[in-house]
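Undergrad: I'd like to ask some things about the structure below.
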Amino acid sequence: MKARVHVTLKSGVLDPQGRAIQHTLGSLGFGGVSDVRQGKYLELDLAETDREAAERSVKDMCEKLLANTVIENYSIDLVE
Amino acid sequence: MKPAVIVFPASNCDRDAAVAIEKICGVKPFMVWHGDSTLPDVDLIVIPGGFSFGDYLRCGAMAARSPVMREVVDRANKGTPVLGICNGFQVLTEAGLLPGALMMNSHLKFVCKDVALKVESNQSMFTSAYQTGEVVKYTVAHHEGNYFADDATLDQIEQNGQVAFRYLDNPNGARNDIAGIFNKERNVLGLMPHPERMIERDLGGDDGARMFESLVASL
């Protein structure tokens, strides 16, 4: 089973990189972008075959390492 | 005094910290490798600056989960003084010993220069040799020194008097101009500027020496 984990900055946390990307998009002529938030995407190959157990385990990984929950949110998608 | 400096792969201020300790405190610190799960009997732990584990994932994230840090957290909770400088500050927030997080500088550039800092409190074993309100000169050298905590946490930090140092001219976008904070018990201090690089006039200044003199006086 694969886990796809997205880690994103919480709303209210400034994202200067996102702002720089938005600015550059604007200078390339893409004017309609009102906000850009940059995040991380991680793909994990899991030995676990039970969906619930896998979800629990990846959530634990997010809390303990993959995300810093002071500033970041995470979401998990499991793919068979 | 029995100090230890923790060394991670890609720490690069560990020797500077050791030199400062040896010169001012008159004792050679234990240099403890991150993979060690035991710490000698020490009364001061320094987490030095650098780019531990190449700043992979987030600055300090890997180092904060290394074997030796379990022992560091345990000792800190039992009252042992812990000083985290620059990357060490990032490690301490990632390890949960200090509130908040260090984010990329708001201008997205690495900043390396001398900065003026206001000593917010001399009521700690790290700052007793300073005057409260005194302005000192340290050096900063970082890309991720932008201190962030949410409003509620920030209010708490301010109310508890946990701000140790504040920038006079904020170099990185840190909230409330915060350069360094204590934990509630004031036995843990994390700061982005480098006191260990300011211990000799010939090297640009000696304001940092008094942090180590403070520690000598209280340990």
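The values are calculated or read from the model by the stated rules, or taken from the named source; none is laboratory data. Worth saying up front: this structure is predicted, and the values here are computed from it rather than measured. Neighbour counts run over all protein chains shown; Cβ positions are idealised from the backbone, glycine included. Note: areas computed on protein heavy atoms with side chains; ligands, DNA, RNA excluded. Shrake-Rupley method; radii C 1.70, N 1.55, O 1.52, S 1.80 Å.
Undergrad: If a residue has to be farther than 17 Å from residue B:174 by Cα and either part of a loop (DSSP other than H, G, I, E, B) or open to solvent by 20 Å² or more (accessible area, probe 1.4 Å) (or both) to count, how many in segment B:72-93 make the cut?
TA: 8
Undergrad: Can you say whether residue B:122 is within 14 Å of another protein chain (Cβ to nearest Cβ), assigned to a loop (DSSP other than H, G, I, E, B), over 30 Å from residue A:64 (Cβ atoms) and not basic (Lys, Arg), as far as the supplied structure shows?
TA: When the stated conditions are applied, residue B:122 does not pass them.
Undergrad: Mind listing whichever residues of segment B:187-203 are part of a helix (DSSP H, G or I) and within 20 Å of residue B:49 (Cβ to Cβ)?
TA: The answer is B:195, B:196, B:197, B:203.
Undergrad: Can you find, within segment A:62-76, the residue that is nearest to residue B:69 (Cα to Cα) among those that are more than 9 Å from every other protein chain (Cβ to nearest Cβ) and free of Cβ contacts under 8 Å to residues at least 24 places away in the same chain?
TA: Out of the qualifying residues, it is A:63.
Undergrad: Also: Just to be sure I understand the filter: pairs with C-beta atoms under 7 Å, separated by 6 or more residues or on different chains, first member in segment B:132-159 and within 14 Å of another protein chain (Cβ to nearest Cβ), second member charged (D, E, K, R) and open to solvent by 50 Å² or more (accessible area, probe 1.4 Å). Which pairs pass?
TA: Once the first residue is within 14 Å of another protein chain (Cβ to nearest Cβ) and sits in segment B:132-159, its partners that are charged (D, E, K, R) and open to solvent by 50 Å² or more (accessible area, probe 1.4 Å) give B:147/B:175; B:148/B:175; B:149/B:175; B:154/B:175.
Undergrad: If you scan segment A:1-32, which residues turn out to be free of Cβ contacts under 8 Å to residues at least 60 places away in the same chain, in contact with a strand residue (DSSP E or B) (Cβ under 9 Å, 6 or more places away or on another chain) and surrounded by 12 or more Cβ atoms within 10 Å (Cβ to Cβ)? Break it down stepwise before answering.
TA: As a first pass, look at segment A:1-32 and keep what is free of Cβ contacts under 8 Å to residues at least 60 places away in the same chain: A:11-32.
If we keep only those that are in contact with a strand residue (DSSP E or B) (Cβ under 9 Å, 6 or more places away or on another chain) as well, we get A:11, A:13-16, A:18.
Across segment A:1-32, the qualifying residues are A:13, A:14, A:15, A:16, A:18.
Undergrad: Further question on the same structure: Could you please give the count of residues in segment B:167-186 that are open to solvent by less than 10 Å² (accessible area, probe 1.4 Å), assigned to a loop (DSSP other than H, G, I, E, B) and closer than 23 Å to residue B:215 by Cβ?
TA: Residues in segment B:167-186 being open to solvent by less than 10 Å² (accessible area, probe 1.4 Å), assigned to a loop (DSSP other than H, G, I, E, B) and closer than 23 Å to residue B:215 by Cβ: 0 in total.
Undergrad: Looking only at segment A:33-60, how many residues end up being away from every other protein chain (no Cβ under 11 Å) and either free of Cβ contacts under 8 Å to residues at least 12 places away in the same chain or open to solvent by 50 Å² or more (accessible area, probe 1.4 Å) (or both)?
TA: Looking only at that region, the number is 19.
Undergrad: Looking only at residues in segment B:37-62 that are in contact with a helix residue (DSSP H, G or I) (Cβ under 7 Å, 6 or more places away or on another chain) and exposed (fewer than 15 other Cβ atoms within 10 Å of the Cβ), which one is nearest to the other protein chains (Cβ to nearest Cβ)?
TA: B:56
Undergrad: Within segment B:1-36, work out how many residues are under 20 Å from residue B:74 (Cα atoms), surrounded by fewer than 21 Cβ atoms within 10 Å (Cβ to Cβ) and in contact with a Gly (Cβ under 9 Å, 6 or more places away or on another chain).
TA: 1
Undergrad: Could you tell me whether segment B:116-126 includes any residue that is β-branched (Val, Ile, Thr) and in contact with a Ser or Thr (Cβ under 7 Å, 6 or more places away or on another chain)?
TA: Yes - at least one qualifying residue is present in segment B:116-126.
Undergrad: Right, something else. Residue under question is residue A:57, and the condition is that it be assigned to a helix (DSSP H, G or I) and among the small types (Gly, Ala, Ser); does it hold?
TA: yes
Undergrad: Go over the candidates B:164, B:116, B:152 one by one and state the one that is assigned to a strand (DSSP E or B) and either surrounded by fewer than 20 Cβ atoms within 10 Å (Cβ to Cβ) or among the charged types (D, E, K, R) (or both).
TA: Among B:164, B:116, B:152, only B:116 is assigned to a strand (DSSP E or B) and either surrounded by fewer than 20 Cβ atoms within 10 Å (Cβ to Cβ) or among the charged types (D, E, K, R) (or both).
Undergrad: If I filter segment A:61-80 down to residues being among the hydrophobic types (A, V, I, L, M, F, W, C) and in a helix (DSSP H, G or I), which single residue comes out as least open to solvent (accessible area, probe 1.4 Å)? Write out each step before concluding.
TA: From segment A:61-80, those among the hydrophobic types (A, V, I, L, M, F, W, C) are A:61-62, A:65-67, A:70-71, A:76, A:78-79; that's our starting set.
This time we only want the ones that are in a helix (DSSP H, G or I), so: A:61-62, A:65-66.
Numbers: A:61: 69, A:62: 0, A:65: 53, A:66: 20 Å².
The selected residue is A:62.
Undergrad: A further question on this structure: Could you run through segment B:147-159 and say how many residues are more than 15 Å from residue A:10 (Cβ to Cβ) and of a type outside the set (Ser, Thr, Tyr)?
TA: The total comes to 5.
Undergrad: Every residue in segment B:63-76 that is closer than 25 Å to residue B:215 by Cβ, within 14 Å of chain A (Cβ to nearest Cβ) and basic (Lys, Arg), please.
TA: B:70
Undergrad: Looking at B:79, B:96, which is the one that is farther than 19 Å from residue B:158 by Cβ and away from every other protein chain (no Cβ under 14 Å)?
TA: One residue alone meets the criteria, B:79.
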